[in-house]
1. Is region 289-298 home to any residue that is in contact with an Asp or Glu (Cβ under 8 Å, 6 or more places away or on another chain) and β-branched (Val, Ile, Thr)?
2. Looking for something surrounded by fewer than 16 Cβ atoms within 10 Å (Cβ to Cβ), within 23 Å of Gly378 (Cβ to Cβ) and in contact (Cβ under 8 Å) with a residue 60 or more places away in the chain - is there at least one such residue anywhere in region 129-139?
3. Does region 82-90 contain any residue that is farther than 30 Å from Val185 by Cβ and touching a Leu at 6+ places or on another chain (Cβ under 9 Å)?
4. Across region 145-178, what is the number of residues that are part of a loop (DSSP other than H, G, I, E, B), in contact (Cβ under 8 Å) with a residue 12 or more places away in the chain and not small (Gly, Ala, Ser)?
5. Return the residues of region 253-276 that are more than 16 Å from Thr357 (Cβ to Cβ), touching a strand residue (DSSP E or B) at 6+ places or on another chain (Cβ under 9 Å) and of a type in the set (Ser, Thr, Tyr); say none if nothing qualifies.
6. Looking at this structure, is Ser275 hydroxyl-bearing (Ser, Thr, Tyr), more than 24 Å from Gly380 (Cα to Cα) and open to solvent by less than 60 Å² (accessible area, probe 1.4 Å)?
7. I need the full set of residues from region 216-233 which are open to solvent by 20 Å² or more (accessible area, probe 1.4 Å) and part of a loop (DSSP other than H, G, I, E, B), in order please.
8. Can you find, within region 192-202, the residue that is farthest from Ile238 (Cα to Cα) among those that are free of Cβ contacts under 8 Å to residues at least 60 places away in the same chain and in a loop (DSSP other than H, G, I, E, B)?
Amino acid sequence: MNDTPRIRTALSCTVLAVTVTAGATACTGSEGHPLSTRPYDAGQQVSFNAPADGRKADPDKALEITAKGNEGRITDVTAVDATGHHLAGELTADGQRWRSTGSLTAGARYTVRVSTEDEDGAPGARTFTFETAPAKGALTVEFGPEAGKYGVGQPLTADLSLPVKDRAARAVVERALKVRSTPSVEGSWHWVDDKKLHYRPKDYWPVGAVISATANLQGVKVGDKLYGGESKPLKLTIGDRIEAVADAGSHYMTVRRNGEVINTIPVTTGKPGFSTRNGIKVVLGKEYFVRMRGTSVGIAEGSSESYDLPVYYATRVTWSGEYVHAAPWSVGSQGVANVSHGCVGMSTGNAAWFYETVRPGDIVKTINSYGDTMDTFGNGFGDWNLPWDKWRKGSALVEPTQNAANPPDPNRLKPSI
């Protein structure tokens with residue numbers, strides 16, 4: 001009696017799909033060796049749970065391949081979609097069943113190659129294809145701002161078409177949102193709420209950077225019955241580093257380009273009760289003419305604080321109506337005292353210069369004011385007021401933490417002067 005254990009030898013083969021439902025391989029070896037012959041068609045040896053007759057598979061269900069009977073086993077399975085993405089799976093130790101562990105992509109076409117062997121060790125092969133059903137109510141992403149040239153403080157935004165609350169689903173979304181910068185920077189997404197994310201670097205964008213944002217979500221399973229759809233990419237370029245610092249204590253604004261002072265301007269900021277917000281703001285846009293009324297910020301018409309003024313060269317820094325603008329009525333106080341209702345006022349000539357010098361994304365910072373600090377979110381871009389370590393905690397890819405977002409106060413979103 002021979003007690004020597006039987007050893008099976010496997011040779012590497014290349015599988016070639018011949019038809020939609022069958023495949024064959026060719027191996028070379030010594031004549032008479034069990035693996036020297038063409039692999040047999042394993043169609044009768046394995047079964048699949050993918051639908052037949054051209055019907056599309058449910059992407060929420062796992063793909064399963066099972067060996068029939070006890071006359072052989074499955075030795076290998078590869079499942080690849082049309083983009084080259086491999087579907088992860090596990091094969092049982094006895095080779096009787098393979099089951100996908102990764103999520104199927106919705107609206108995709110898969111090619112599956114199965115290798116088997118019979119009880120004598122002879123190799124078999126089978127290739128088949130199937131398609132998954134498209135997603136219903138796909139999750140799409142709209143990037144912001146619009147394509148163009150911006151200042152070094154411009155955050156990127158991602159608005160989702162559907163809310164995503166589950167942390168694991170958020171992580172899937174965040175991994176699919178790709179931001180590339182040339183030159184490269186360290187940056188992170190931060191979840192503002194269930195439908196909005198902001199992206200910023202650790203420090204301001206480099207001068208001259210080229211930035212692209214893409215969402216690789218199409219067909220990707222985000223959560224239960226939720227799949228990603230197609231989204232339009234975004235490309236931005238970054239201009240010079242323009243930083244304007246308004247000192248409410250000295251009543252002057254210092255403007256720098258790429259670190260060099262290019263202007264020092266006498267200004268007036270918010271008076272007591274209407275103090276300008278401290279902190280870093282980002283230019284949101286420019287309006288040559290704005291009509292500003294005290295009633296829009298709750299000031300009673302006809303009261304001592306009431307106003308109704310035509311304002312020119314208005315550079316917006318908050319959605320609630322804080323601007324850097326021309327204030328010819330307060331020239332006598334500029335450089336001396338704070339008399340505005342929250343805006344940074346200056347002469348018409350200086351306001352025109354500022355208006356022509358800055359672009360959206362440039363930095364406007366207020367210091368030494370008695371006002372509150374600029375909200376992180378909801379009233380413009382206060383993103384830079386959040387320290388980097390706290391910003392990172394707003395990502396779904398780091399340890400859970402309380403969201404640092406400050407929701408906007410709708411009563412404050414009114415213009416002021």
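1. yes
2. Checked against the condition, which is being surrounded by fewer than 16 Cβ atoms within 10 Å (Cβ to Cβ), within 23 Å of Gly378 (Cβ to Cβ) and in contact (Cβ under 8 Å) with a residue 60 or more places away in the chain, region 129-139 yields no hits at all.
3. Looking through region 82-90, at least one residue is farther than 30 Å from Val185 by Cβ and touching a Leu at 6+ places or on another chain (Cβ under 9 Å).
4. Count: 9.
5. Thr268, Thr269, Thr276
6. Against the criterion (hydroxyl-bearing (Ser, Thr, Tyr), more than 24 Å from Gly380 (Cα to Cα) and open to solvent by less than 60 Å² (accessible area, probe 1.4 Å)), Ser275 does not qualify.
7. Selection gives Asn216, Val220, Asp224, Lys225, Glu230, Ser231, Lys232, Pro233.
8. Asp194
The values are calculated or read from the model by the stated rules, or taken from the named source; none is laboratory data. Nothing here was measured: the structure is a model prediction, and the numbers come from that model. Every residue, glycine as well, gets a Cβ built from its backbone with ideal geometry; the counts of neighbours run over all protein chains shown. Each accessible area value is taken on the protein alone, full model and side chains, heavy atoms only, with ligands, DNA and RNA left out. Shrake-Rupley method; radii C 1.70, N 1.55, O 1.52, S 1.80 Å.
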